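S.K.: Before I ask anything, let me first share the structure, which is written out below as structure tokens.
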Amino acid sequence: MAIQYGDILYNPNGLVVAALNDVAKTYSTPVVIERFGDLDFEFTVDEDEIKSGGLFTDALRVPTKVTGTLRDAALNWTALTAMAGIVSESVNGSSSPDAVRQLDYIFGGEGLGYFGAIAAVAGTNGSNALIGFAKSQLGTYPSFSMAQNEFRRAETPIHVYPPSTTIRKGIRVRVHETATSIPTSQSAFQAFFSGLFDA
């Protein structure tokens, strides 16, 4: 079959996240990840084989989840709150030029929550792909990498799970012949993942 629109992708150029209420199956207001860098992911598979008569006769390979890495170059305070429950606040009313913001990292408790994520990836000939992760979780807080004469960068592992044990779909890839924007409203974000949750 010939190459079609959106088959050749080359540049991740947008990422939006929203906290997931796993009980109500609803997302909070989406937040754009500023200075989004890279996103990679791969599938984790359980596997088993049957050996009989001196050779393997049957194989079982079951995709179970996705692991990956998210990289960015901004603190993205609001996004961190959506993804990990980090508490950020204005300390002095944000009165310029002496405004102060504070970011508190939470330890213990219930741990890191779930969130949805949709990444945009540019494609050739004006196309793009939106890649959505319905139920994601950070592996840990984003790391800090700081060096002389270099911008601060962050990297964090992510894990992706199917939000339903009966529907069993966890990643949605939607390819557009004419590039489209990432859904940034709560209703559009929710609609992108329609059909992935139990009724």
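The values are calculated or read from the model by the stated rules, or taken from the named source; none is laboratory data. It should be emphasised that the depicted structure is a prediction, and the values quoted were computed from it without experimental measurement. All Cβ positions, even for glycine, are placed from backbone atoms using ideal geometry, and neighbour counts span all protein chains on display. Areas reflect the complete protein model, heavy atoms only, side chains present, ligands, DNA and RNA absent. Shrake-Rupley method; radii C 1.70, N 1.55, O 1.52, S 1.80 Å.
S.K.: Got at least one residue in region 100-109 being crowded, with 20+ Cβ neighbours inside 10 Å and under 27 Å from residue 189 (Cβ atoms)?
M.R.: Start the filter on region 100-109 by keeping residues that are crowded, with 20+ Cβ neighbours inside 10 Å, which leaves none.
No, there is no match, as no residue in region 100-109 is crowded, with 20+ Cβ neighbours inside 10 Å and under 27 Å from residue 189 (Cβ atoms).
S.K.: Hey, residue 61 hits all of (1) open to solvent by 50 Å² or more (accessible area, probe 1.4 Å); (2) under 25 Å from residue 156 (Cα atoms); (3) not hydrophobic (A, V, I, L, M, F, W, C) but one; which does it fall short on?
M.R.: So the condition that residue 61 fails would be (2).
S.K.: Okay, moving on. Does any residue of region 134-141 turn out to be at negative phi, out of contact with any Pro (no Cβ under 8 Å at 6 or more places or on another chain) and aliphatic (A, V, I, L, M)?
M.R.: No, every residue in region 134-141 fails to be at negative phi, out of contact with any Pro (no Cβ under 8 Å at 6 or more places or on another chain) and aliphatic (A, V, I, L, M).
S.K.: So, one more: Any residue that is under 23 Å from residue 12 (Cα atoms) and assigned to a loop (DSSP other than H, G, I, E, B) - is there at least one of those in region 131-140? Don't jump to the end; show me each part of the working.
M.R.: Initial filter on region 131-140 (under 23 Å from residue 12 (Cα atoms)): 131-140.
Remaining after also requiring assigned to a loop (DSSP other than H, G, I, E, B): 139-140.
Yes, region 131-140 contains at least one residue that is under 23 Å from residue 12 (Cα atoms) and assigned to a loop (DSSP other than H, G, I, E, B).
S.K.: Further question on the same structure: Kindly provide the set of residues from region 61-79 that are in contact (Cβ under 8 Å) with a residue 60 or more places away in the chain and closer than 18 Å to residue 21 by Cβ, ordered by number.
M.R.: Scanning region 61-79 gives a single hit, 79.
S.K.: Additional query: Limited to region 185-197, what total is found for residues that are within 14 Å of the chain's Cα centre (by Cα) and assigned to a loop (DSSP other than H, G, I, E, B)?
M.R.: Final tally of qualifying residues: 1.
S.K.: Given (1) of a type outside the set (Lys, Arg); (2) open to solvent by 70 Å² or more (accessible area, probe 1.4 Å); (3) closer than 30 Å to residue 187 by Cβ, where does residue 72 come up short, assuming only one miss?
M.R.: (2)
S.K.: In region 144-154, is there at least one residue being touching a helix residue (DSSP H, G or I) at 6+ places or on another chain (Cβ under 9 Å) and either in contact (Cβ under 8 Å) with a residue 40 or more places away in the chain or not in a strand (DSSP E or B) (or both)?
M.R.: To start, the set of residues in region 144-154 that are touching a helix residue (DSSP H, G or I) at 6+ places or on another chain (Cβ under 9 Å) comprises none.
Looking for residues that are touching a helix residue (DSSP H, G or I) at 6+ places or on another chain (Cβ under 9 Å) and either in contact (Cβ under 8 Å) with a residue 40 or more places away in the chain or not in a strand (DSSP E or B) (or both), one finds none in region 144-154, hence no.
S.K.: Here's something else I'd like to know. I'd like to verify a number: residues in region 159-184 that are over 17 Å from residue 130 (Cβ atoms) and not in a loop (DSSP other than H, G, I, E, B), how many? Spell out how you get there, then give the answer.
M.R.: At the first step, the residues of region 159-184 found to be over 17 Å from residue 130 (Cβ atoms) are 159, 161-168.
Adding the requirement that they be not in a loop (DSSP other than H, G, I, E, B) leaves 159, 161.
Counting residues in region 159-184 that are over 17 Å from residue 130 (Cβ atoms) and not in a loop (DSSP other than H, G, I, E, B) gives 2.
S.K.: Something else: With 123, 113 as the choices, which residue is more than 23 Å from residue 24 (Cα to Cα) and in contact with an Asp or Glu (Cβ under 9 Å, 6 or more places away or on another chain)?
M.R.: On the way: 113 fails: more than 23 Å from residue 24 (Cα to Cα).
Unique residue meeting the criteria: 123.
S.K.: Look at region 20-46 and say how many of its residues are surrounded by fewer than 10 Cβ atoms within 10 Å (Cβ to Cβ) and free of Cβ contacts under 8 Å to residues at least 24 places away in the same chain.
M.R.: First, pick out the residues of region 20-46 that are surrounded by fewer than 10 Cβ atoms within 10 Å (Cβ to Cβ): 23-24, 42.
Now narrow it down to the ones that are free of Cβ contacts under 8 Å to residues at least 24 places away in the same chain: 23-24.
Going through region 20-46 one residue at a time, the tally reaches 2.
S.K.: How many residues does region 148-165 hold that are more than 14 Å from the chain's Cα centre (by Cα) and open to solvent by less than 50 Å² (accessible area, probe 1.4 Å)? Quick ask: steps written out before the conclusion?
M.R.: Kept after step one, since they are more than 14 Å from the chain's Cα centre (by Cα), are these residues of region 148-165: 148-154, 164-165.
Next, only the ones that are open to solvent by less than 50 Å² (accessible area, probe 1.4 Å) stay: 152, 154, 164.
Qualifying residue count for the region: 3.
S.K.: Taking residue 129, is it buried (at least 20 other Cβ atoms within 10 Å of the Cβ), more than 15 Å from residue 19 (Cα to Cα) and either without any contact (Cβ under 8 Å) to a residue 12 or more places away in the chain or not aromatic (Phe, Trp, Tyr) (or both)?
M.R.: Details: buried (at least 20 other Cβ atoms within 10 Å of the Cβ): yes; more than 15 Å from residue 19 (Cα to Cα): yes; either without any contact (Cβ under 8 Å) to a residue 12 or more places away in the chain or not aromatic (Phe, Trp, Tyr) (or both): yes.
Considered against the rule, which asks whether it is buried (at least 20 other Cβ atoms within 10 Å of the Cβ), more than 15 Å from residue 19 (Cα to Cα) and either without any contact (Cβ under 8 Å) to a residue 12 or more places away in the chain or not aromatic (Phe, Trp, Tyr) (or both), residue 129 comes out as yes.
S.K.: Working only within region 101-128, note down all residues that are over 17 Å from residue 33 (Cα atoms) and not in a loop (DSSP other than H, G, I, E, B).
M.R.: 101, 102, 104, 123, 124, 125, 126, 128
S.K.: Select, from 6, 85, the only residue that is within 26 Å of residue 128 (Cα to Cα) and either open to solvent by less than 50 Å² (accessible area, probe 1.4 Å) or in contact with a His (Cβ under 8 Å, 6 or more places away or on another chain) (or both). If you could, list the steps in order and put the result at the bottom.
M.R.: Working: 85 fails: within 26 Å of residue 128 (Cα to Cα).
6 is the lone residue from the list that is within 26 Å of residue 128 (Cα to Cα) and either open to solvent by less than 50 Å² (accessible area, probe 1.4 Å) or in contact with a His (Cβ under 8 Å, 6 or more places away or on another chain) (or both).
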